[in-house]
Structure formats: structure tokens, C-alpha cells
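Written out below as C-alpha cells is the structure these notes cover.
Just so you know, all these numbers are worked out from the coordinates, no wet-lab data involved. Computed from a prediction, not measured in an experiment: that's the story for all the values here.
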Ligand code: SF4
Ligand code: SF4
């Protein structure tokens, strides 16, 4: 019989301890966010897929040297460029990233000497469609320019 009351006492104490922890935590700010309605601000060192960096006028800094394409061990990058008539410099006409095989190794970013490529803060990429991970980075840059009110258009 005494064992019964000991168990009862032990149960009541642990219940009160649990309620005390809940009471202490209740007024604190929650550490969770209501995803997908709320989004996290990523840290500067976060590595999302790579993206192009634009200059002040919004056009890509990329000079189409193909160093990043050659540095990629997984053949994720394909690009094209052309020389407009009368110009000495090539202009980037397409830059496609196949994120399905990217290991986020960073070789492409490191190989770029023209401040034209960086890791994005993009983490919201869930999809069941493979083609959603083939990313047109030139188009992405144009959309970013549009969203920020900068760029040529
Ligand atoms: S290394 Fe830099 S400048 Fe050269 S093609 Fe890649 S992104 Fe463009
Ligand atoms: S991070 Fe690595 S694997 Fe991904 S595109 Fe760049 S070089 Fe290729």
C-alpha cells in the first residue's frame, strides 16, 4: 500500500515539474516559424545554388570566360555568349545551371575572377519535378533586377 502512495506522490511531482517547465517557456518568443507563410532569413555563409551577380546597371558581370564551366566537376553549368557587332567583349546570352547534380562544392565560385558568381540564399526549392532544378540564371538575374526596380528594363 505504501508503494502505491509513493508512486502517486512521484507522479504528482513529475506532473508539477513538467507544468513548471511549460509555464516558464510560455512567455518566451517562439523559435519556430510558420512555414510556408513565414520564411527564414538565411545566414551570409549559407550555400544555396549559385547565381549570377549583376553590375549597377543590372547586367551580369560575367565575361563568358567559361572558367566556372570548366571548374565544375559535375558538368552542371552550360553557357553561351556572343560578341555584338563592333564590340570587343562577349555578352552572356544564356547561363543554365543543372542543380540536380550540383554538390555545392564551390569550385565554380572560386574559379571566377570577375565577381560574377556567388551562392544564393535560396533554400525554398522543394519540387517533385526534375525540370524545376534546371535553373536559367540569366532569367533569374533579370527577375531580381525587376523585383528591386533596377536593371535595364
Ligand atoms: S568564371 Fe565568372 S566570368 Fe567566367 S564564365 Fe563563369 S561566371 Fe562568367
Ligand atoms: S557548386 Fe560545384 S557542383 Fe555546383 S555548379 Fe558549382 S562547381 Fe558545379
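Structure above, values below:
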item	result
C-alpha long axis of helix 2-25 to longest principal axis of the chain, angle in °	40
Full-stretch length increase - residue 31, residue 83 - with 0.36 nm per residue and alpha-carbon distance subtracted	13.6 nm
Full-extension gain in nm, residue 103 to residue 19, via 0.36 nm per residue minus C-alpha separation	25.7 nm
Rounded Å value of the spacing that divides the Cα centres of the range 86-153 and the range 12-44	37
0 to 90° range, to nearest 10: angle between helix 137-148 axis and the chain longest Cα axis	70
